[in-house]
Amino acid sequence: MQRIKITTRNNWQTEVEKLGFGFHTTNIPYWDESVYYQFGMSEILAIEKATAELYDCCLGAVQHVMDQGLYAKFNIPTWAIPMIERSWTEDHPAIYGRFDLCYKEGQIKMLEFNADTPTSLYEAGIVQWFWLKDFDKDKDQFNSVHEKLIDYWKYLKNYLNHGPLYFTCLKETLEDLTNTEYLRDCAIQAGLETKLIFIDDIGWDAENREFLDLENQPIKNIFKLYPWEWLLSESFGKNMLEDKNKALWIEPAWKMILSNKAILPILWELYPNCPYLLPAYFEAGKLSNYVKKPILSREGANIDLVMKNIGLAKTEGQYGAEGYIYQELFTLPNFSDHYPVIGSWVIGQESAGMGIREADSLITDNKSRFVPHLIG
């Protein structure tokens with residue numbers, strides 16, 4: 001794994017905007033093609049193998065949480081448990097997920113699993129691929145995201161309820177909308193009938209007990225780029241229990257177990273010999289070098305890095321009331337004060353590629369940059 005500086009393409013902004021990538025720069029750069037990471041094929045195969053094994057462990061952990069009734073550790077309300085377990089026993093489809101991995105000194109360690117609403121899919125599947133074609137069309141990339149998305153939508157076509165597949169996210173969130181529309185485009189290419197509706201516009205017919213679109217048509221299949229814990233905290237979310245159509249929600253409700261950092265101590269308890277897992281606990285005091293994480297934090301908020309019981313780095317935010325876990329500290333590799341985390345994608349239950357986000361500190365936050373990679 002090498003970090004290599006290069007010259008950006010002339011008018012690269014125009015090139016990425018042609019792809020529909022409108023959030024490449026905010027008040028700070030997000031897409032950064034002045035550098036790329038180069039991997040050997042053996043390294044790529046190791047990341048692919050780790051991703052597949054970790055996903056198998058995660059599925060086993062979901063079953064364990066249900067068998068042992070461990071929902072309280074995840075701060076999941078009791079009323080949501082039947083919905084979660086139904087989605088699992090009925091094998092409701094899961095499209096994707098992103099493992100955040102630290103790759104350092106030949107070791108691969110799982111930091112967390114973004115299993116419910118992982119973003120950067122579009123950058124990983126499309127933007128960095130077109131960068132590679134311009135940079136060196138003879139090189140390859142660990143990237144079958146696009147093909148696997150289309151193939152899996154084709155596979156799921158026969159499992160959906162009758163009617164269109166709706167895609168939803170919040171209004172006025174360009175990043176979420178871009179990722180949602182990308183997934184929708186893949187579904188269209190797979191031959192599915194789709195509609196876009198913002199989550200703010202989804203209606204509820206209390207008399208007939210069904211979700212409605214803006215044309216008062218029932219919603220029976222819906223992909224959401226909207227966190228499950230947000231739905232559960234809103235009174236509107238409880239309508240899912242009353243829905244006579246039993247709409248198929250993607251990602252399914254069982255994913256709220258895997259998207260919660262409480263899964264990390266569960267995984268460690270179940271698979272202590274897995275080489276890709278770090279020791280993790282619900283209780284403080286078991287580790288002297290650790291990361292303290294709220295179980296539902298996002299974008300690196302409210303994280304504490306502690307080494308030899310002394311604070312190393314810390315971020316602020318709005319999370320923590322839901323509880324914390326403590327994971328052994330395994331710091332990101334340092335490339336001249338640039339710290340990359342590998343986002344390794346699972347699409348349709350298979351390892352499908354990766355994207356790299358690079359930060360200027362040990363904590364990957366919402367200021368981190370997306371940088372491309374290639375196999376050299």
Notebook entry, point to check: Of the numbered conditions (1) at pLDDT below 95; (2) crowded, with 19+ Cβ neighbours inside 10 Å; (3) under 26 Å from Glu53 (Cα atoms), Arg298 satisfies every one except a single condition; which is it?
Noted result: (2)
Check: Quick one: how many residues across segment 298-321 are over 14 Å from Asp365 (Cβ atoms) and either in contact (Cβ under 8 Å) with a residue 60 or more places away in the chain or not hydrophobic (A, V, I, L, M, F, W, C) (or both)?
Finding: 4
Notebook entry, point to check: Of all the residues that make up segment 154-185, how many are farther than 11 Å from Leu121 by Cα and either without any contact (Cβ under 8 Å) to a residue 40 or more places away in the chain or β-branched (Val, Ile, Thr) (or both)?
Noted result: 10
Notebook entry, point to check: What are the residues in segment 179-201 that are over 16 Å from Tyr96 (Cα atoms) and either in contact with a strand residue (DSSP E or B) (Cβ under 6 Å, 6 or more places away or on another chain) or not hydrophobic (A, V, I, L, M, F, W, C) (or both), if any?
Noted result: Ile188, Gln189, Gly191, Leu192, Glu193, Thr194, Lys195, Leu196, Ile197, Ile199, Asp200, Asp201
Checklist line | Pick from segment 155-185, criterion surrounded by fewer than 16 Cβ atoms within 10 Å (Cβ to Cβ) and basic (Lys, Arg), ranking: farthest from Gly20 (Cα to Cα) | finding: Lys157
Margin query: So, restricting to helices (runs of 4 or more DSSP H) that lie completely within segment 139-237, which ones have at least 2 residues that are in the same structural domain as Glu48 (by TED's automatic domain parsing) and more than 20 Å from the chain's Cα centre (by Cα)?
Written below: 145-156, 174-189
Notebook entry, point to check: Within segment 265-289, how many residues turn out to be in a loop (DSSP other than H, G, I, E, B) and either touching a strand residue (DSSP E or B) at 6+ places or on another chain (Cβ under 8 Å) or on the phi < 0 side of the Ramachandran plot (or both)?
Noted result: 16
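Just one of Glu17, Glu43 is free of Cβ contacts under 8 Å to residues at least 24 places away in the same chain, within 23 Å of His146 (Cα to Cα) and surrounded by 12 or more Cβ atoms within 10 Å (Cβ to Cβ); which is it?
From the options Glu17, Glu43, the qualifying one is Glu17.
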Check: Are any residues in segment 1-18 assigned to a helix (DSSP H, G or I) and of a type outside the set (Val, Ile, Thr), and if so, which ones?
Finding: Trp12, Gln13, Glu15, Glu17, Lys18
Next item on the list: Tell me which of these Phe167 doesn't satisfy, since it passes every other one: (1) in contact with a Phe, Trp or Tyr (Cβ under 7 Å, 6 or more places away or on another chain); (2) within 26 Å of Leu374 (Cα to Cα); (3) among the aromatic types (Phe, Trp, Tyr).
Entry: (2)
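How many residues are aliphatic (A, V, I, L, M) and touching a helix residue (DSSP H, G or I) at 6+ places or on another chain (Cβ under 8 Å) if we restrict to segment 45-67?
From segment 45-67, those aliphatic (A, V, I, L, M) are 45-47, 50, 52, 54, 59, 61-62, 65-66; that's our starting set.
Pick out the ones that are also touching a helix residue (DSSP H, G or I) at 6+ places or on another chain (Cβ under 8 Å) and you get 61-62, 65-66.
Of the residues in segment 45-67, 4 are aliphatic (A, V, I, L, M) and touching a helix residue (DSSP H, G or I) at 6+ places or on another chain (Cβ under 8 Å).
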Checklist line | segment 333-366: number of residues that are crowded, with 16+ Cβ neighbours inside 10 Å and among the charged types (D, E, K, R) | finding: 3
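Looking at segment 290-376, what strands (runs of 3 or more DSSP E) fall wholly within it and have at least 3 residues that are closer than 28 Å to Leu232 by Cα?
In segment 290-376, the matching strands (runs of 3 or more DSSP E) lie at 290-294, 324-328, 339-347.
The values are calculated or read from the model by the stated rules, or taken from the named source; none is laboratory data. Everything quoted here is computed from the prediction, not taken from an experiment. FYI the Cβ positions are ideal-geometry reconstructions off the backbone, even for glycines, and counts take in every protein chain you see.
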